[in-house]
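Undergrad: After the structure tokens below, expect a handful of questions from me.
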Amino acid sequence: MKKLLILFTFFLSWTAVSQEEIFYLLPNGEIMNEASFDKFKASLKDMGDVRADFISTIRRNDSVIKRTKLIITAQSDRKSFDPFAIHREKIGERFVLEDFKKVDGSVLTLNDLGGKSTVINFWFTSCAPCISEMPKLNSLNKQMRGDVNFIAITFNEKSKVDKFLKTTTFNFDHITDARKQIDSLKIQAFPMTILLDKNGFIKNVYGDLTYQMNDLISDLRKVM
């Protein structure tokens with residue numbers, strides 16, 4: 001009888017696990033079920049070899065969410081796909097601040113930087129990786145003690161950002177409603193962070209700072 005009870009308990013546990021629904025959380029904040037994820041991977045195969053790197057796993061009730069990064073290796077040159085490559089090509093160029101408007105409606109200019117280096121973070125309110133890196137960004141802002149500008153830019157409306165900030169701390173100067181400008185810059189992967197020197201020139205571009213914060217801090221010290 002004891003053996004039957006153990007087998008029955010194991011069967012129930014196995015059944016519970018087998019019924020868990022699997023989801024995939026991509027770097028841009030999009031969540032896909034297993035069928036959609038497989039279809040999305042298949043759609044990329046013409047670009048090269050597609051590999052899914054599972055960064056972490058979150059269990060919620062009867063669901064498993066796998067935080068996933070897709071690595072695409074081109075068949076011709078074996079180079080990994082980098083969604084930020086086109087932005088890194090602009091390193092050394094001046095960032096066009098004037099394309100963006102501040103909360104008061106005035107245009108952002110070089111004078112607003114006040115002769116300080118600047119960290120610009122592109123994000124949106126439902127982007128899980130964006131939210132995950134916010135504590136690190138808040139901590140960095142505090143460490144700099146006002147010696148560096150911290151600006152957050154999103155395509156979300158101001159009302160939506162204001163509501164978000166009531167429950168989540170993000171101690172940056174916020175620029176909202178920037179859909180046109182973000183699309184013009186061809187930013188498609190979030191979060192993305194740009195480091196500017198004191199004259200507004202791009203020094204480096206970063207993806208998820210959960211993994212690149214040390215690089216940002218090192219580069220920031222060089223331009224302060």
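Undergrad: Answer with yes or no whether D197 is closer than 16 Å to L113 by Cβ, in contact (Cβ under 8 Å) with a residue 24 or more places away in the chain and surrounded by fewer than 17 Cβ atoms within 10 Å (Cβ to Cβ).
TA: no
Undergrad: Go through region 78-87 and count every residue that is surrounded by 13 or more Cβ atoms within 10 Å (Cβ to Cβ) and either at pLDDT 90 or above or over 22 Å from T193 (Cβ atoms) (or both).
TA: Residues in region 78-87 being surrounded by 13 or more Cβ atoms within 10 Å (Cβ to Cβ) and either at pLDDT 90 or above or over 22 Å from T193 (Cβ atoms) (or both): 3 in total.
Undergrad: Go through (1) at positive phi; (2) in contact (Cβ under 8 Å) with a residue 24 or more places away in the chain and name the single condition K69 misses.
TA: Failed condition: (1).
Undergrad: A follow-up question, please. Enumerate the pairs (first residue in region 178-192 and closer than 17 Å to V107 by Cβ; second residue anywhere and polar (S, T, N, Q)) with beta-carbon separation below 7 Å, excluding pairs fewer than 6 apart on the same chain, so at least 6 apart or on different chains.
TA: That search, which allows pairs on different chains as well, returns A178/T154.
Undergrad: Next question. Looking only at region 41-56, which residues are at pLDDT 75 or above, over 26 Å from F155 (Cβ atoms) and among the polar types (S, T, N, Q)?
TA: Across region 41-56, there are no qualifying residues.
Undergrad: Which condition number in (1) at pLDDT below 95; (2) part of a helix (DSSP H, G or I) is the one that R59 fails?
TA: (2)
Matching residues to (1) surrounded by fewer than 17 Cβ atoms within 10 Å (Cβ to Cβ); (2) touching a residue at least 60 places away in the same chain (Cβ under 8 Å); (3) within 20 Å of the chain's Cα centre (by Cα):
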{"site": "D104", "(1), (2), (3)": "yes, no, no"}
{"site": "V107", "(1), (2), (3)": "yes, no, no"}
{"site": "F124", "(1), (2), (3)": "no, yes, yes"}
{"site": "E133", "(1), (2), (3)": "no, yes, yes"}
{"site": "D147", "(1), (2), (3)": "yes, yes, no"}
{"site": "I153", "(1), (2), (3)": "no, no, yes"}
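Undergrad: I want to confirm something. Restricting to region 149-168 and keeping residues that are out of contact with any helix residue (DSSP H, G or I) (no Cβ under 6 Å at 6 or more places or on another chain) and polar (S, T, N, Q), which single residue is farthest from I131 (Cα to Cα)?
TA: Checked region 149-168; the qualifying residue farthest from I131 (Cα to Cα) is S159.
Undergrad: OK, next. Read through the list (1) modelled with pLDDT of 75 or more; (2) farther than 30 Å from V161 by Cα; (3) touching a strand residue (DSSP E or B) at 6+ places or on another chain (Cβ under 8 Å); (4) outside the structural domain of N156 (by TED's automatic domain parsing), then give the number of the only condition that D38 fails.
TA: Status for D38: all satisfied but (3).
Undergrad: What number of residues within region 202-221 satisfy the criterion of being in a helix (DSSP H, G or I) and among the charged types (D, E, K, R)? Even if it seems obvious, please write down each step before you answer.
TA: Let us first name the residues in region 202-221 that are in a helix (DSSP H, G or I), namely 209-221.
Okay, now just the ones that are also among the charged types (D, E, K, R), so 215, 219, 221.
Summing the residues that are in a helix (DSSP H, G or I) and among the charged types (D, E, K, R) in region 202-221 gives 3.
Undergrad: For the subset of region 207-216 comprising residues that are at pLDDT below 95 and of a type outside the set (D, E), which member is surrounded by the most Cβ atoms within 10 Å (Cβ to Cβ)?
TA: Applying the filter and picking the extreme gives L209.
Undergrad: Of the residues in region 120-159, how many are under 18 Å from V205 (Cα atoms), aliphatic (A, V, I, L, M) and part of a helix (DSSP H, G or I)?
TA: Step one: filter region 120-159 for residues under 18 Å from V205 (Cα atoms), giving 120-124, 129-130, 133-134, 136-137, 140-141, 148-154.
If we keep only those that are aliphatic (A, V, I, L, M) as well, we get 120, 134, 137, 140, 148, 151-153.
Of the ones still in play, those that are also part of a helix (DSSP H, G or I) are 134, 137, 140.
The total comes to 3.
Undergrad: Follow-up question, since we're still on this one. Scan (1) farther than 16 Å from L25 by Cβ; (2) modelled with pLDDT of 90 or more; (3) assigned to a loop (DSSP other than H, G, I, E, B) for the single condition Q75 breaks and write down its number.
TA: Looking at each condition in turn, Q75 falls short on (2).
Undergrad: Moving to a separate point now. Is there any pair linking a residue in region 88-100 that is in contact (Cβ under 8 Å) with a residue 60 or more places away in the chain to one that is among the aromatic types (F, W, Y), with Cβ under 8 Å and at least six apart or on different chains, and which?
TA: What qualifies is G92/F201; E93/F201; R94/F201; F95/F201.
The values are calculated or read from the model by the stated rules, or taken from the named source; none is laboratory data. Every value quoted in this text rests on a predicted model; they were computed, and no experiment measured them. Here Cβ is always computed from backbone atoms with ideal geometry, including for glycine, and neighbour counts include all displayed protein chains.
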